[in-house]
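The block underneath contains the structure these notes are about, expressed in structure tokens.
The values are calculated or read from the model by the stated rules, or taken from the named source; none is laboratory data. Nothing here was measured: the structure is a model prediction, and the numbers come from that model. Counting neighbours? That spans all protein chains shown, and the Cβs are built from the backbone with ideal geometry, glycine included.
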Amino acid sequence: MSECFKDLGIKLDTSCFETQQELYYFNFLTKVLNKDKIFEKNPKLKQINDVLPFDCALLVLKPFVTYKWHKDSKRGVCINALVSDSNYFTCFSKNYDKPGVQSDIIKLDYKKNNLYLFNNQIYHTVFNFEKERILFSCEFNLNKNKLSYEDAIKIINEKKDFNSFK
Ligand SMILES: [Fe+2]
């Protein structure tokens, strides 16, 4: 199992998206979504929310923008899906902070509307080309001190039958 990300094997139905609020969150234009509407069309997300509650939003990134290598200050783990037709990818590096000038990288090439569990505590960066990128993102109520990527996989597996996790 990848330590960086996990393809959940779940396709997101975006037809039910309803923006509740727009704000700037960690420099991202953020559109907070109505969770209950999403759950009507995405029952597996509801099942995850039942055991690990989260909030959902769309994170908008401008074209030809990258984001600095970082570990998230708040999130230990999240769920993401790319919902725009963007030339966009994420890279992880488990040894970004080692001495020297080169690091090993692992690429997450998002399949559109596919949900991924994302380890926010491994160094990562993003590259966006050509068009605005719109990422559907679920932020768990438990922060990095209370919920890790490994915890999330274990909890979801214990409660629900997500074969794709195994
Ligand atoms: Fe991040």
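Remarks
- Flag: residue 137 matches the condition of being under 24 Å from residue 64 (Cβ atoms) and among the small types (Gly, Ala, Ser).
- Scanning the stretch 51-82 for residues that are within 10 Å of the ligand (Cβ to nearest atom), in contact with an Asp or Glu (Cβ under 7 Å, 6 or more places away or on another chain) and charged (D, E, K, R) yields a single hit, 75.
- Some residue of the stretch 33-45 being among the aliphatic types (A, V, I, L, M), in a loop (DSSP other than H, G, I, E, B), in contact with a Phe, Trp or Tyr (Cβ under 9 Å, 6 or more places away or on another chain) and more than 15 Å from the ligand (Cβ to nearest atom): no
Residues checked against (1) within 13 Å of the chain's Cα centre (by Cα); (2) among the hydrophobic types (A, V, I, L, M, F, W, C):
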residue	(1), (2)
56	yes, yes
62	no, no
67	no, no
82	yes, yes
98	no, no
111	yes, no
132	no, no
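- Reported count of residues in the stretch 100-129, each being among the β-branched types (Val, Ile, Thr) and away from the ligand (no atom under 12 Å from the Cβ), is 3.
- Taking the listed residues 61, 23, 12, 52, the one that is among the aliphatic types (A, V, I, L, M), closer than 21 Å to residue 143 by Cβ and in contact (Cβ under 8 Å) with a residue 40 or more places away in the chain is 52, with no other qualifying.
- Residue ID - modelled with the lowest pLDDT, chosen from residues in the stretch 12-29 that are in contact with a strand residue (DSSP E or B) (Cβ under 6 Å, 6 or more places away or on another chain) and closer than 23 Å to residue 149 by Cα: 28
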